Amino acid sequence: MFKPVNRYLLIKQIGIEDKEESLIVLPDDYKPEEERYVMVEVLAVSEDARFKVSTGDKLIVDRSMVEQIKIEGTNYDVVLDNYVIGII
């Protein structure tokens, strides 16, 4: 299991909907505008995080600051505690 350090939080983005087939043809490079903030669930917390948060907590974070890491075929999403906007 990946264990975050240096104030990072291991997260899982929630509320991401599956893409539905559209009846309207759009250019291949079209990307719909995304919200700046996203809700995530905490999977693991570094010991030096600057605020109390537990596994399973739901947070609001700046989407652009979520870092995606791929190690040995497994994808991990992490965010620095500085980019957490709030706890739900």
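The values are calculated or read from the model by the stated rules, or taken from the named source; none is laboratory data. Predicted model, so just to flag it, every value in this text is computed and none were measured. Cβ placement follows ideal geometry from the backbone for every residue including glycine, while neighbour counts extend to all protein chains displayed. We work out accessible area using only protein heavy atoms, side chains counted, and drop any ligands, DNA or RNA first. Shrake-Rupley method; radii C 1.70, N 1.55, O 1.52, S 1.80 Å.
One table, with the values for the structure above:
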| read-out | value |
| --- | --- |
| Ile88-Val5 FRET efficiency (beta carbon distance; Förster radius 25 Å; 0.05 resolution) | 0.50 |
| Radius 13 Å from Cβ of Leu80, net charge of other residues (Lys, Arg +1; Asp, Glu -1) | -3 |
| Check: region 1-87 dipole with +1 on Lys, Arg Cβ and -1 on Asp, Glu Cβ, in debye | 500 debye |
| Pairwise label distance in nanometres, Asp77 with Glu41, each label 7 Å out on the Cα-Cβ vector | 1.1 nm |
| Relative contact order computed over the chain (Cα-Cα under 8 Å; 6+ residues apart), in percent | 35 percent |
| For the chain, accessible area per residue (1.4 Å probe, heavy atoms of protein chains only), Å² | 80 Å² |
| Neighbourhood charge, 11 Å Cβ-Cβ cut-off, centred on Val40 and excluding it, Lys, Arg +1 and Asp, Glu -1 | -1 |
| Formal net charge of residues neighbouring Ile69 (Cβ-Cβ distance under 15 Å; K, R +1; D, E -1) | 0 |
| For the chain, projected area of the alpha-carbon convex hull averaged over all directions, nm² | 7.2 nm² |
| Order by protection proxy (mean Cβ within 10 Å, highest first), peptides 39-45, 29-35 | 39-45, 29-35 |
| Label-to-label distance, nm, for residues given as Met65 and Glu34 (7 Å Cα→Cβ offset) | 1.6 nm |
| Candidate residues Ser54, Ser64, Ser46: accessible-area rank, largest first, probe 1.4 Å | Ser64, Ser54, Ser46 |
| Candidates per trypsin sites (Lys or Arg not before Pro) in the chain, loop by DSSP, up to 16 other Cβ within 10 Å | Arg7, Lys19, Arg36, Arg50, Lys52 |
